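Asks: Right, I'll just put the structure down here and ask away after.
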Amino acid sequence: MENKTDVIVIGAGLSGLTAARKLEEAGYSVKVIEARERVGGRSFTHHLADGQVLDLGGQWIGPTQTKMYELCKELDLELYPTYNEGKIILYDNGKKTLMGSNNGALPKLNVFVLLGLGLTIKKVERLVEQIDLDEPWNHPKAKIWDGETLDSWIRKNTKIKKVREYFNIVSEVVFSTEARDISFLHFLFYIKSGSGMDNLLNIDEGAQKERIIGGTQEISVRLAKKLKGEVFFNNPVTRIEQSETGIKVFSREQFWEAKKVIVTLPPTLAGRITYQPPLPGMRDQLTQRIPAGSVIKIQVIYKTPFWRKEGLTGQAVSFTGPIKIVMDNSLPNDSRGVLVMFMEANDGREASEWSIEKRTQKAIECLVIYFGQKAADYLEYVEKNWCDDEYTRGCYGGHFTPGVWTGYGKHLRKPIQHIHWAGAETATVWNGYMEGAVRSGERAAAEVVEILCG
Ligand SMILES: Cc1cc2nc3c(=O)[nH]c(=O)nc-3n(C[C@H](O)[C@H](O)[C@H](O)COP(=O)(O)OP(=O)(O)OC[C@H]3O[C@@H](n4cnc5c(N)ncnc54)[C@H](O)[C@@H]3O)c2cc1C
């Protein structure tokens, strides 16, 4: 077997495959080493018995995600809009109310709460504007903001309990973790990276605007088909050795040699590879401090999208779990209805310990509360617990805990001799999203090309 190549890319997710593609376009030979038996990583499409597909990982794209739109166009993948006609159910304190679907980031709450919420969001947005996405640690107040959590900042800046609860839901929905777990500086960075709070949370003109017909994994499948270099499946990389002259990458069964390597794993998993010589302490400490969120993505299939006839979008927002967010995820050209929902953060952690039967029962109980008894009459329940997945270990991505941006931020993308770093967590724009993964792969490939051709 020819095991030598110019560049080795570790991971065949969106970042790895776009990096490989850019390197080949620049004339370099590439081998991609992938732990799983498939491409796509966190974009993973499940095939139902009749061939229809559901995305179990990343699924929505929206405005300002230019790389994703370009990829879909180039790879001949069609899009379809997220269903957003009718009312949204708001479930709070045992009471159900309906709100319009064009409220942006604001739920329907009493005027006093709404005013407080609006003011707090405005305050956050003013801080967001000041963040430098390349070097968030450089802001004069970076250490103060990085020294507290989203939760502690919100507590200091509003006395209204509902506003605090709202921001905790935002944290759960966007980071799959509690507001007390993330650095406030990271929150500001992430909001800016995703083009603002409205854009992150919205459907019609936001990050949940549309889906890809055939599922998002198809992007990776098509990218991999176009590569000249081989993708080696079922080869979890365990060790990387480097010297002055080049690099050796080992899985349990084989090894490859190259001039450069791009590691595209989420930081925690990248930290589990053995490096020889060992990585500098600061790089290793960084990988110890970017934990993944906790999420179980659930989809429930019905004979019809019955909620639509009742004037509902299929969306529900609840202040109590274990299901706090529901959306219509019905398929194009299909008469069935699909609701997608998430058990996230603490709810996701608790639910991880339940049996699948208990999770099914709890999810359906929530749906019955939100949508009525018809929600009990479902055809199929499909779930994926990303915490259990050996080659991801939690989602949607890694979040920065307090002190990480200011203490270790500059080590996030800094190459170490022949090793370069990519992956959605290293992106400046759309960090944590598919768009960010693509941008990070292209950025790391450009770094390597500059060195190799220099
Ligand atoms: C439930 C869920 C919902 C999401 N929703 C959205 C959404 O709607 N929109 C959006 O834009 N994003 C969403 N995301 C996030 C998005 O999917 C990710 O940001 C993106 O796919 C990450 O791509 P990546 O290439 O950086 O990492 P990954 O996809 O994680 O790729 C890393 C690859 O490395 C492989 N690997 C791991 N360990 C090893 C090893 N030791 N050796 C070799 N290979 C290894 C993995 O198998 C994987 O293929 C969601 C994610 C999840 C899980």
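Asks: When the range 272-293 is examined, which residues are found to be in a loop (DSSP other than H, G, I, E, B) and within 11 Å of the ligand (Cβ to nearest atom)?
Replies: Listed by number, the residues that qualify are Arg272, Ile273, Gly293.
Asks: Which is open to solvent by 50 Å² or more (accessible area, probe 1.4 Å), closer than 20 Å to Phe342 by Cα and under 24 Å from the mean Cα position of the chain (by Cα), of Arg164, Arg180?
Replies: Matching residue, one of Arg164, Arg180: Arg180.
Asks: Then there's this: Taking Met68 as meeting all but one of (1) part of a loop (DSSP other than H, G, I, E, B); (2) within 10 Å of the ligand (Cβ to nearest atom); (3) not assigned by TED's automatic domain parsing to the domain that holds Met434, write down the number of the exception.
Replies: Among (1) part of a loop (DSSP other than H, G, I, E, B); (2) within 10 Å of the ligand (Cβ to nearest atom); (3) not assigned by TED's automatic domain parsing to the domain that holds Met434, Met68 violates only (1).
Asks: Here is a list: Gly40, Gly57, Gly51. Which entry is open to solvent by 10 Å² or more (accessible area, probe 1.4 Å), at pLDDT 95 or above and assigned to a loop (DSSP other than H, G, I, E, B)?
Replies: Result of the check over Gly40, Gly57, Gly51: Gly57.
Asks: Restricting the range 390-404 to residues that are β-branched (Val, Ile, Thr) and assigned to a loop (DSSP other than H, G, I, E, B), which is farthest from the chain's Cα centre (by Cα)?
Replies: Ranking the qualifying residues of the range 390-404, first place goes to Thr401.
Asks: Applying the selection to the range 197-242, what residues are more than 30 Å from Glu390 (Cβ to Cβ) and either open to solvent by less than 40 Å² (accessible area, probe 1.4 Å) or touching a strand residue (DSSP E or B) at 6+ places or on another chain (Cβ under 9 Å) (or both)?
Replies: Met197, Asn199, Asn202, Ile203, Asp204, Gly206, Lys209, Glu210 - these are the residues of the range 197-242 that are more than 30 Å from Glu390 (Cβ to Cβ) and either open to solvent by less than 40 Å² (accessible area, probe 1.4 Å) or touching a strand residue (DSSP E or B) at 6+ places or on another chain (Cβ under 9 Å) (or both).
Asks: Restricting to the range 286-304, name every residue that is aliphatic (A, V, I, L, M), under 13 Å from the mean Cα position of the chain (by Cα) and over 30 Å from Thr406 (Cβ atoms).
Replies: Within the range 286-304, just Ile296 meets the criteria.
Asks: Then there is this: Among residues belonging to the range 336-359 that are under 25 Å from Thr313 (Cβ atoms) and among the β-branched types (Val, Ile, Thr), point out the one that is surrounded by the fewest Cβ atoms within 10 Å (Cβ to Cβ).
Replies: Val340
Asks: Further, regarding this structure: Tally time: how many residues in the range 303-314 are more than 13 Å from Val368 (Cα to Cα), open to solvent by less than 30 Å² (accessible area, probe 1.4 Å) and not in a loop (DSSP other than H, G, I, E, B)?
Replies: Residues in the range 303-314 being more than 13 Å from Val368 (Cα to Cα), open to solvent by less than 30 Å² (accessible area, probe 1.4 Å) and not in a loop (DSSP other than H, G, I, E, B): 2 in total.
The values are calculated or read from the model by the stated rules, or taken from the named source; none is laboratory data. Since the structure is predicted, the reported quantities are computational estimates derived from the model, not experimental observations. Reconstructed Cβ throughout: ideal geometry from the backbone, glycine too, with neighbour counts over all protein chains shown. Areas reflect the complete protein model, heavy atoms only, side chains present, ligands, DNA and RNA absent. Shrake-Rupley method; radii C 1.70, N 1.55, O 1.52, S 1.80 Å.
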